[in-house]
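Below is one structure; the comments refer to it alone.
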Amino acid sequence: MHQKPNSREVAARRPWLDAELRLVKPKLLVCLGATAAQATFGPSFRVTRERGKVLSSKLAPRVLATVHPSSLLRHSDEESREREYGRFVIDLRAALKAAGEA
């Protein structure tokens with residue numbers, strides 16, 4: 001449980017993601033968690049540094065990375081869970097705004 005997929009598992013799903021993005025042509029791609037963000041931007045990408053920022057990639061004109069929702073449940077105390085939930089909501093609002101600007 002809560003195991004990060006390895007690079008082979010991520011690579012195996014990439015053709016499916018590429019095909020779906022070609023068909024959907026999203027205005028905005030939201031990466032939920034480090035695995036999704038690193039699959040989009042490369043292994044040096046850090047969600048902790050870049051979360052909530054509107055970026056671009058070959059996959060979509062606008063991309064926003066944030067934490068995976070399940071990470072909110074793993075905080076040990078209520079105060080940190082509430083704080084991180086608030087940050088997550090701010091990230092989602094930034095995504096909503098970015099989607100509306102496209």
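For region 76-93: of the residues being closer than 17 Å to GLY33 by Cβ and over 12 Å from the mean Cα position of the chain (by Cα), which is most open to solvent (accessible area, probe 1.4 Å)? Restricting to residues being closer than 17 Å to GLY33 by Cβ and over 12 Å from the mean Cα position of the chain (by Cα), the top hit is TYR85. Restricting attention to region 72-100, which residues are part of a helix (DSSP H, G or I), farther than 16 Å from LEU28 by Cα and acidic (Asp, Glu)? Passing the criteria: GLU78, GLU79, GLU82, GLU84.
Whether any residue in region 7-14 is of a type in the set (Asp, Glu) and at pLDDT below 95 is what I want to check. Yes, there is a match, as at least one residue in region 7-14 is of a type in the set (Asp, Glu) and at pLDDT below 95. Residue count for region 31-44, restricted to those that are open to solvent by less than 50 Å² (accessible area, probe 1.4 Å) and assigned to a helix (DSSP H, G or I): 7. Scanning region 50-102 for residues that are in contact with a Cys (Cβ under 8 Å, 6 or more places away or on another chain) and of a type outside the set (A, V, I, L, M, F, W, C) turns up just one, THR66. Out of all the residues in region 21-30, is one or more assigned to a strand (DSSP E or B), in contact with a helix residue (DSSP H, G or I) (Cβ under 7 Å, 6 or more places away or on another chain), open to solvent by 50 Å² or more (accessible area, probe 1.4 Å) and at pLDDT 95 or above? The answer is yes, given that some residue of region 21-30 is assigned to a strand (DSSP E or B), in contact with a helix residue (DSSP H, G or I) (Cβ under 7 Å, 6 or more places away or on another chain), open to solvent by 50 Å² or more (accessible area, probe 1.4 Å) and at pLDDT 95 or above. Among the candidates LEU96, LEU55, LEU64, LEU73, the residue that is hydrophobic (A, V, I, L, M, F, W, C), in contact with a helix residue (DSSP H, G or I) (Cβ under 8 Å, 6 or more places away or on another chain), farther than 24 Å from GLN3 by Cβ and open to solvent by 30 Å² or more (accessible area, probe 1.4 Å) is uniquely LEU55. Taking the conditions (1) open to solvent by less than 90 Å² (accessible area, probe 1.4 Å); (2) within 23 Å of VAL89 (Cα to Cα); (3) not in a strand (DSSP E or B) in turn, THR48 satisfies each one other than (1). Taking the criterion of being farther than 22 Å from LEU92 by Cα and among the polar types (S, T, N, Q), the residues of region 1-40 that qualify are GLN3, ASN6, SER7.
The values are calculated or read from the model by the stated rules, or taken from the named source; none is laboratory data. Predicted model only: the values in this text are computed from it and were never measured. Glycine gets a Cβ as well: all are built from the backbone with ideal geometry, and neighbour counts include every protein chain shown. Just so you know, the surface numbers come from the protein's heavy atoms only, side chains and all, with ligands and any DNA or RNA stripped out. Shrake-Rupley method; radii C 1.70, N 1.55, O 1.52, S 1.80 Å.
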